Amino acid sequence: MNLGQAIAQSFEGKSSRWLILILVVGAIIFGSAAYQTGNILGALVGIQLVFDISAKILVLIIGLVVVLVLSIPSLRIVARLMGFLVVFMGLVFLTTAVFVAQNLSSQEILSGLIIPKIPYESGADLLVLGLIGTTVVPYNLFLGSGVSDKTHQLREMRLGLAVAIFLGGIISMAVLIVGTAIQGEFSFNALAGALTSQLGGWAVYLFGFGMFAAGFSSAITAPLASAITAQSLFGNQNPEKWQRNSTNFRLVWLFVLVVGLGFGMSDVKPVPAIILAQALNGLVLPFVSIFLVFVINNPQLMNKEGLNKRRNNIQMGIVVWITLNLGFFNVLKAVYKTIGLGVPSENYWWFVIGAVATLVSIIVWVRVYKMRQKLISV
């Protein structure tokens with residue numbers, strides 16, 4: 001079973017089943033729709049750094065190509081295309097980062113790598129949540145389990161994930177190092193100008209094509225992941241209605257794509273839109289992670305041999321707690337701004353939110369303990 005099927009079976013026969021499934025698929029689809037806006041705008045910015053073409057024409061071309069790719073019957077071909085784009089993007093940013101890093105001391109790089117810290121500047125916590133949301137995109141949990149080759153052994157799949165996540169982390173670090181080329185207020189044009197002054201005119205082309213590859217590959221992934229999530233959650237009862245070429249499947253990915261194209265055509269500023277979309281996915285991450293915790297600790301699904309080990313549960317508990325803290329605080333900031341109260345006092349509210357996150361974590365792990373105890377009693 002993939003993750004969506006496992007979640008659906010976990011709540012089989014319970015009155016809350018449909019509510020849970022709708023909440024999960026809603027969070028993924030709307031999170032992907034928000035993320036798609038950033039994907040389209042990112043690809044758009046990358047091309048416009050290299051070619052002087054109308055934004056609306058570019059958005060329509062990107063949308064048309066995405067539709068053609070998502071209409072390919074074979075997921076294997078789509079996966080290979082996305083893999084090629086990601087490899088290209090990674091090489092671009094790694095190459096650029098190597099040249100930019102020559103202006104940084106090894107001590108600065110090692111300090112940033114090892115010692116975690118959130119700057120005091122306003123909005124820094126939103127950026128941190130956005131980085132988490134874009135590096136560990138929630139829909140990847142459903143996408144990875146939905147397109148995987150079921151002939152592989154679990155050990156092989158874990159190795160593949162470990163390599164992919166490690167390389168993803170390296171690419172993210174490269175992107176951050178490239179970002180240090182600019183001083184002052186950030187914009188993509190300012191970053192391109194800074195790279196040009198430091199490295200030469202070729203850097204703009206490299207950076208622009210890298211941005212396009214990053215945005216376009218994700219513009220394929222987000223709609224596809226949403227459709228696979230809906231298919232996995234609702235497809236068991238009506239498999240024929242959720243085939244890859246079915247109307248339901250296509251409507252889901254088309255909805256996500258159209259939302260992204262709509263914002264892309266509306267002259268939305270790319271940087272705030274991308275940060276907000278990534279932060280929204282950072283909010284979805286703890287929500288989805290909690291359901292993942294329930295699945296991998298469910299004796300009826302995993303059997304005794306497959307249940308999550310205690311050390312893994314401790315690690316995952318830390319991840320969920322941290323993302324809950326960041327998510328709750330940014331929700332609180334949004335509420336404060338909506339009702340005109342400005343920005344909440346960080347020291348006080350971090351304590352309150354930490355307590356709430358701890359309470360939610362305790363409730364989750366008490367439920368996990370009760371589930372695992374059923375296996376022992378049997």
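Counting only residues that are in contact with a Leu (Cβ under 8 Å, 6 or more places away or on another chain) and assigned to a helix (DSSP H, G or I), how many does the stretch 292-302 have?
4
Quick one: would you say Ile53 is over 19 Å from Met265 (Cβ atoms), in the same structural domain as Ala277 (by TED's automatic domain parsing), without any contact (Cβ under 8 Å) to a residue 12 or more places away in the chain and in a loop (DSSP other than H, G, I, E, B)?
Details: over 19 Å from Met265 (Cβ atoms): no; in the same structural domain as Ala277 (by TED's automatic domain parsing): yes; without any contact (Cβ under 8 Å) to a residue 12 or more places away in the chain: yes; in a loop (DSSP other than H, G, I, E, B): yes.
Against the criterion (over 19 Å from Met265 (Cβ atoms), in the same structural domain as Ala277 (by TED's automatic domain parsing), without any contact (Cβ under 8 Å) to a residue 12 or more places away in the chain and in a loop (DSSP other than H, G, I, E, B)), Ile53 does not qualify.
Would the stretch 73-83 turn up any residue that is modelled with pLDDT of 85 or more, surrounded by 14 or more Cβ atoms within 10 Å (Cβ to Cβ) and closer than 27 Å to Asn236 by Cα?
No, every residue in the stretch 73-83 fails to be modelled with pLDDT of 85 or more, surrounded by 14 or more Cβ atoms within 10 Å (Cβ to Cβ) and closer than 27 Å to Asn236 by Cα.
State all residues of the stretch 303-313 that are part of a helix (DSSP H, G or I) and surrounded by 11 or more Cβ atoms within 10 Å (Cβ to Cβ); if no residue qualifies, say none.
Initial filter on the stretch 303-313 (part of a helix (DSSP H, G or I)): 303-306, 310-313.
Gly306, Asn312, Asn313 - these are the residues of the stretch 303-313 that are part of a helix (DSSP H, G or I) and surrounded by 11 or more Cβ atoms within 10 Å (Cβ to Cβ).
Which ones in the stretch 24-33 are more than 11 Å from the chain's Cα centre (by Cα) and either among the aliphatic types (A, V, I, L, M) or buried (at least 24 other Cβ atoms within 10 Å of the Cβ) (or both)?
Matches in the stretch 24-33: Val24, Val25, Ala27, Ile29, Ala33.
Could you check the stretch 257-284 and list, in sequence order, the residues that are modelled with pLDDT of 80 or more and touching a Leu at 6+ places or on another chain (Cβ under 9 Å)? Break it down stepwise before answering.
Step one: list which residues in the stretch 257-284 are modelled with pLDDT of 80 or more, which gives 257-266, 284.
The answer is Leu257, Gly260, Leu261, Phe263, Gly264, Met265.
Would you check if there is a residue in the stretch 231-238 being part of a helix (DSSP H, G or I), closer than 16 Å to Val25 by Cα and of a type in the set (A, V, I, L, M, F, W, C)? I'd like the intermediate steps shown before the answer.
Start the filter on the stretch 231-238 by keeping residues that are part of a helix (DSSP H, G or I), which leaves 231-234.
Next cut, closer than 16 Å to Val25 by Cα only: 231-234.
Now drop any that are not of a type in the set (A, V, I, L, M, F, W, C), which leaves 233-234.
Yes.
The values are calculated or read from the model by the stated rules, or taken from the named source; none is laboratory data. Since we're looking at a predicted model, the values are computed, not measured. Positions of Cβ are generated from backbone atoms using ideal geometry, with glycine treated the same way; all protein chains shown enter the neighbour counts.
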